[in-house]
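The values are calculated or read from the model by the stated rules, or taken from the named source; none is laboratory data. Computed from a prediction, not measured in an experiment: that's the story for all the values here. Here the Cβ is made from the backbone with ideal geometry for all residues, glycine too, and neighbour counts use every protein chain on show. For the accessible areas, the whole protein counts, side chains as well, though only heavy atoms, and no ligand, DNA or RNA atoms are used. Shrake-Rupley method; radii C 1.70, N 1.55, O 1.52, S 1.80 Å.
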Amino acid sequence: MSATNVSRIAIAAGVAASTVLLLAGPAAAHVSVQPQGEAAKGGYATLNFKVPNERDQASTVKLEVNFPADHPLSSVTPEAVPGWKIAITKGKLDKPLEVHGRKITEAVTKVTWTADGSKIAPGYFQQFPVSVGQLPEDADQLVFKAIQTYDNKEVVRWIEEPKGGEEPDSPAPVLKLTAATEDHHGGAADQAGDDDHKADDQAASAEGDKGDKGDKKETHAASSSSSSSDTTARTLGIIGILIGAAGVAFGVLAGRRRTA
């Protein structure tokens, strides 16, 4: 193989590699969703919608997240983010949800964050936390279609659902659900609370025992002190009587000597 052919192959390989990197770059920086901890089926979770800024000459000023209509969530509570206004959109449900014994006839369909004194500048990202529940038990994942708006009026729609093993050009954020736990409603926290109460009771009991023992010790000490004081008083009294008797006897004898 000639040197010319080797050079051409090397250039072609370099161009191909650069093209792959350019194509892979934007796909890796899409809007995504991650749970804080686990997102268990039938439970509640806090989700972080992570929004990176992909443009060098524009800043992100708005994010819209659409919640899945096929698996509506009865509870959606966004956390306040400094410098951003939050708007919650609700819609009527075709089929009411029953949660904790009551029927839910409407659910959140979209949450919108709009810059209000802040923005996501080039080279930075922002997270938007949302508490959600009750997560469905009959699904392995939830798809949240998102729309990102820049201050140059550009709009990027992250709405393509992944199919097969390939990631689409503008993938929607996907939340993977884990296996259901025994207690969907914070059983661990309840157990921890029970343990705390037990610990408090045990501590109170121990303090009570210590107090009883302390009282007994103090009573015993007081009793011992009182007994010791009584013994001393009796001893001094006897000595006083003896000294007095001796004095009387001495006086009698002295009087007889003077008379004689």
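The order of Lys176, Lys41 by accessible area, most exposed first and with a 1.4 Å probe, is Lys176, Lys41.
A Förster radius of 22 Å combined with the Cβ-Cβ distance from Thr46 to Glu160 puts the calculated FRET efficiency at roughly 0.30. Take Tyr44: with every protein chain present and a 1.4 Å probe, its accessible area is about 90 Å². Among the protein heavy atoms, those of Asp151 account for about 70 Å² of accessible surface (1.4 Å probe, every chain in place). The accessible-area ordering, largest first, of the residues Arg55, Arg102 stands as Arg102, Arg55, per a 1.4 angstrom probe. Distance between the modelled labels on Asp138 and Ala29, one decimal in nanometres: 4.1 nm (7 Å Cα→Cβ projection).
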